[in-house]
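Take a look at the structure set out below.
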Amino acid sequence: FLISGHGTKGVFELLSGWRRTRENLPFKDRVADAYSDVMVSYTMTSSLYFIAFGMGASPFTNIEAVKVFCQNMCVSILLNYFYIFSFFGSCLVFAGQLEQNRYHSIFCCKIPSAEYLDRKPVWMNDGHQHTSHHETNPYQHHFIQHFLREHYNEWITNIYVKPFVVILYLIYASFSFMGCLQINDGANIINLLASDSPSVSYALIQQKYFSNYSPVIGFYIYEPLDYWNGTVQEDLKTLSQGFNTVSWIEQYYQYLRVGNISATNKSDFISILQSSFLKKPEFQHFKNDIIFSKAGDENNIIASRLYLVARTSENTQREAVELLEKLRPLSLIQSIKFIVFNPTFVFMDHYGLSVTMPVLISGFGILLVLILTFFLVIHPLGNFWLILSVTSIELGVLGLMTLWNVDMDCISILCLIYTLNFAIDHCAPLLYTFVLATEHTRTQCIKNSLQEHGTAILQNVSSFLIGLVPLLFVPSNLTFTLFKCLLLAGSCTLLHCFVILPVFLTFFPPSKKHHKKKKRAKRKEREEIECIEIQENPDHVTAV
């Protein structure tokens with residue numbers, strides 16, 4: 001989904017740059033013009049993609065699925081970039097050679113010359129004027145461009161609209177901050193099931209009515225133990241303290257006490273266990289919990305298992321994760337070597353640190369982007385505004401998706417990583433055009449920035465959001481999570497580009513006064529030169 005968009009964007013931009021070149025130029029010059037017009041921005045976009053997903057593939061990521069996905073994305077981005085840079089560029093060279101020799105670039109058939117077309121009768125003409133070059137600004141007469149230039153720019157910069165935009169941003173920031181304080185991990189297994197799966201109903205009923213106990217935890221002892229030793233028995237009781245246990249050991253000790261049977265040495269313990277205890281019908285199901293090995297005439301217990309169940313409150317998932325975090329360190333420091341396991345632990349392992357990891361990746365990503373743009377971009381205030389905008393969008397997506405009941409699972413983390421690049425890709429052109437503008441006022445600068453980039457941003461985000469619509473019809477909770485997160489990413493970016501930034505940039509630096517002074521100085525100098533010329537030659541007064 002993402003790679004096809006990245007590759008299609010590169011092909012479209014390079015082809016668009018090629019069609020904007022003059023057709024009467026040599027094909028080498030046309031290719032050079034197309035590359036200089038397009039490849040700088042496409043290289044920056046590919047670099048940001050690579051940085052964003054490279055962080056997802058880094059050791060900062062504790063979810064293997066996210067790491068594998070980001071690794072594949074990085075490789076695919078490189079392949080896309082070098083495909084556009086080399087193979088597709090060579091196709092343009094071949095097409096340019098054909099066009100220069102007046103052959104059709106696809107069908108390779110001969111095309112009539114311009115003189116021949118001019119000699120054709122009027123009734124045979126197609127009604128279009130043949131020109132040697134294409135329009136350099138394809139958005140000049142676009143209806144969105146007209147709407148932004150004639151209506152929206154004046155409305156958003158109106159002094160009576162600005163207070164409402166400030167209030168809107170305060171509401172946005174408040175809800176985002178409130179959501180960030182309520183982030184939940186994605187340990188709920190329901191999120192990984194298809195929405196129409198019967199397992200969803202089972203999980204919901206189990207959580208609603210039978211969530212007073214944790215999942216059944218397998219307690220596996222994987223080394224020979226002296227089970228008849230009193231010290232070992234006390235250690236096992238200590239480990240299982242606080243749990244409801246289903247254990248052959250407890251049942252066997254109870255069986256020995258009730259029968260007043262003594263089994264204080266190895267031979268008696270194992271002999272009674274095999275010949276008497278496990279023969280009873282009520283204890284025969286314990287046979288699968290004990291692994292015996294025979295060395296000569298001696299039997300040994302080389303491994304065994306028992307089951308633990310902990311009593312929990314309503315927050316079963318959170319308590320189960322805490323229980324897992326307490327039991328595993330004990331397996332490393334206790335004299336008894338054991339492993340605890342339950343199938344749900346697989347998912348709990350994935351999401352145990354998922355709340356902190358996106359924050360680390362986002363912060364590290366913003367720092368990397370700041371370092372990258374410091375060497376490539378022209379004005380430090382442009383970097384500063386870009387970092388503020390990306391941070392605001394990232395925190396907004398993170399907070400609002402929490403309020404929309406989206407947990408921190410692998411999909412939401414991937415979307416947060418993608419939001420970083422998506423926000424930079426759309427905010428950077430608007431911000432840097434504003435920073436480098438030389439108009440007298442900030443208001444005029446932001447109007448020109450919106451007029452130059454507003455149409456492309458609106459078309460890009462709109463097509464992005466329309467492309468998300470099919471995700472609504474996939475019966476999967478993870479896919480619905482993807483739809484929610486990407487919808488928030490597109491909406492927050494659109495809000496910042498068209499509402500928040502156009503207003504806030506008219507309040508804060510960079511100032512445009514120095515540009516105004518420079519223009520006044522140039523105008524004054526020009527007026528003085530004109531006056532000197534008029535004084536030297538009075539005959540020119542009439543002409544002037």
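The values are calculated or read from the model by the stated rules, or taken from the named source; none is laboratory data. Predicted model, so just to flag it, every value in this text is computed and none were measured. Cβ sites come from the backbone with ideal geometry, for glycine too, and all protein chains shown count toward neighbours. Please note that ligands, DNA and RNA were not included when accessible areas were found on the heavy atoms of the full protein model with its side chains. Shrake-Rupley method; radii C 1.70, N 1.55, O 1.52, S 1.80 Å.
Only one of the numbered conditions (1) modelled with pLDDT of 80 or more; (2) assigned to a helix (DSSP H, G or I); (3) among the β-branched types (Val, Ile, Thr) is violated by ILE190, and that is (1).
Within this structure, ASN137 fails the test of being over 28 Å from ILE3 (Cβ atoms), outside any helix (DSSP H, G or I) and modelled with pLDDT of 90 or more.
Could you check, for segment 76-86, whether at least one of its residues is in a helix (DSSP H, G or I), of a type in the set (Gly, Ala, Ser) and open to solvent by less than 60 Å² (accessible area, probe 1.4 Å)? Yes. Selection of segment 282-303 for residues being touching a residue at least 40 places away in the same chain (Cβ under 8 Å) and among the small types (Gly, Ala, Ser) yields only ALA303.
Check whether at least one residue in segment 81-103 is modelled with pLDDT of 85 or more and either of a type in the set (Lys, Arg) or on the phi > 0 side of the Ramachandran plot (or both), and report yes or no. Within segment 81-103, none of the residues are modelled with pLDDT of 85 or more and either of a type in the set (Lys, Arg) or on the phi > 0 side of the Ramachandran plot (or both). Scanning segment 436-457 for residues that are touching a helix residue (DSSP H, G or I) at 6+ places or on another chain (Cβ under 6 Å) and of a type outside the set (D, E, K, R) yields ALA437, THR438, HIS440, CYS445, ILE446, SER449, LEU450, GLN451, HIS453, GLY454, THR455, ILE457.
Looking at segment 375-467, the helices (runs of 4 or more DSSP H) lying wholly inside it that each contain 3 or more residues that are touching a residue at least 40 places away in the same chain (Cβ under 8 Å) and touching a His at 6+ places or on another chain (Cβ under 7 Å) sit at 380-403, 410-436. Pairing residues of segment 205-221 that are farther than 18 Å from SER240 by Cα with residues that are open to solvent by 10 Å² or more (accessible area, probe 1.4 Å), at Cβ distances under 6 Å and at least 6 apart in sequence or on separate chains, gives SER211/THR316. If you check PRO215, PRO224 for being within 30 Å of ILE301 (Cα to Cα), part of a loop (DSSP other than H, G, I, E, B) and open to solvent by less than 50 Å² (accessible area, probe 1.4 Å), only one passes: PRO215.
Restricted to segment 174-187, and to residues there that are surrounded by 14 or more Cβ atoms within 10 Å (Cβ to Cβ) and at pLDDT below 90, the residue that is farthest from the chain's Cα centre (by Cα) is ALA187. No other residue among LEU370, LEU360, LEU376 is under 20 Å from the mean Cα position of the chain (by Cα), open to solvent by 80 Å² or more (accessible area, probe 1.4 Å) and modelled with pLDDT under 70 apart from LEU360. Restricting to segment 33-63, name every residue that is outside any helix (DSSP H, G or I) and either open to solvent by 50 Å² or more (accessible area, probe 1.4 Å) or at positive phi (or both). The answer is PRO59, PHE60, ASN62. Against the test of being closer than 21 Å to PHE82 by Cα, among the hydrophobic types (A, V, I, L, M, F, W, C) and in a helix (DSSP H, G or I), the options VAL66, VAL11 yield a single qualifying residue, VAL11.
Can you tell me which residues in segment 474-503 are open to solvent by 10 Å² or more (accessible area, probe 1.4 Å), closer than 17 Å to PHE164 by Cα and not aliphatic (A, V, I, L, M)? Correct list: PHE498 only. The single residue among ILE159, ILE171, ILE205 that is assigned to a helix (DSSP H, G or I), open to solvent by 60 Å² or more (accessible area, probe 1.4 Å), modelled with pLDDT of 85 or more and out of contact with any Cys (no Cβ under 9 Å at 6 or more places or on another chain) turns out to be ILE171. Residue pairs whose Cβ atoms lie under 6 Å apart, separated by 6 or more positions or on different chains, with the first residue in segment 25-39 and assigned by the TED database to the domain that holds PHE87 and the second polar (S, T, N, Q), are PHE27/GLN97; PHE27/GLN100; ARG30/THR21; ASP33/THR21; ALA34/THR21.
All conditions but one from (1) in a loop (DSSP other than H, G, I, E, B); (2) touching a residue at least 24 places away in the same chain (Cβ under 8 Å) apply to ILE261; the one that does not is (2).
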